[in-house]
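Colleague: Dumping the structure here so I can ask a few things about it.
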Amino acid sequence: MPNSDQLPTLYNEHLFNALRTGDLIDLIAAMLPCPWTYTEISQQIVDGAAPDNPFLPWIEFYQPQPGQIDDSMVKTLFGMVDELAIGLSKERQHEIEQRFLRSCELEYEFWEQAYYQKDWKYKN
């Protein structure tokens, strides 16, 4: 597990590596866990959010507005991954899956740091 001063660098490098060495499916798989977790978290709290909650705009950003069809960014991105994965070798699909899972792990670390109020120690 990375400590709090390593996580931003690890996550950024993971995303940059997907961009540098992969193609569109790699990039989507690497970045997808971020909006996915935000959507899931905001969905759990949107109904109970107080009108003066300072995070209300953030919460609402990830939720469909009343009367709108839910064609959220997350569903679109998952659909793109599914479509782009058709016809890829099992080995290539495994590589993409590993990028996605690594991002999930880094997102988990991010939320764990927030929950335990760990200090962020950015280094230049």
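The values are calculated or read from the model by the stated rules, or taken from the named source; none is laboratory data. Just so it is clear, the structure is predicted and the values come from calculations on it, not from any experiment. Glycine gets a Cβ as well: all are built from the backbone with ideal geometry, and neighbour counts include every protein chain shown. Please note that ligands, DNA and RNA were not included when accessible areas were found on the heavy atoms of the full protein model with its side chains. Shrake-Rupley method; radii C 1.70, N 1.55, O 1.52, S 1.80 Å.
Colleague: Against the condition surrounded by 10 or more Cβ atoms within 10 Å (Cβ to Cβ), within 19 Å of Ala114 (Cα to Cα) and under 19 Å from the mean Cα position of the chain (by Cα), how does Ile41 come out, does it pass? Break it down into steps so the answer makes sense when it comes.
Modeller: Details: surrounded by 10 or more Cβ atoms within 10 Å (Cβ to Cβ): yes; within 19 Å of Ala114 (Cα to Cα): yes; under 19 Å from the mean Cα position of the chain (by Cα): yes.
For Ile41, the condition - surrounded by 10 or more Cβ atoms within 10 Å (Cβ to Cβ), within 19 Å of Ala114 (Cα to Cα) and under 19 Å from the mean Cα position of the chain (by Cα) - is met.
Colleague: Let me ask something else about it. How about the range 93-124: which of its residues are at pLDDT below 90 and of a type in the set (S, T, N, Q)?
Modeller: Selection gives Gln113, Gln117, Asn124.
Colleague: Can you tell me how many residues in the range 16-33 are open to solvent by 40 Å² or more (accessible area, probe 1.4 Å) and either over 18 Å from Met73 (Cβ atoms) or in contact (Cβ under 8 Å) with a residue 60 or more places away in the chain (or both)? Outline the logic, then answer.
Modeller: Initially, the range 16-33 is screened for residues open to solvent by 40 Å² or more (accessible area, probe 1.4 Å), giving 16-17, 19-21, 23-24, 27, 31.
From the residues that got through so far, the ones that are either over 18 Å from Met73 (Cβ atoms) or in contact (Cβ under 8 Å) with a residue 60 or more places away in the chain (or both) too are 16-17, 19-21, 23-24, 31.
Residues in the range 16-33 being open to solvent by 40 Å² or more (accessible area, probe 1.4 Å) and either over 18 Å from Met73 (Cβ atoms) or in contact (Cβ under 8 Å) with a residue 60 or more places away in the chain (or both): 8 in total.
Colleague: Continuing with the same structure: Would it be correct to say that Pro64 is outside any helix (DSSP H, G or I) and either modelled with pLDDT of 80 or more or more than 13 Å from Glu107 (Cα to Cα) (or both)? Steps first, please.
Modeller: Values: outside any helix (DSSP H, G or I): yes; either modelled with pLDDT of 80 or more or more than 13 Å from Glu107 (Cα to Cα) (or both): yes.
So Pro64 passes the test.
Colleague: Anything in the range 78-92 that is open to solvent by less than 50 Å² (accessible area, probe 1.4 Å) and in contact (Cβ under 8 Å) with a residue 12 or more places away in the chain? List them, or say none.
Modeller: Matches in the range 78-92: Val81, Ala85.
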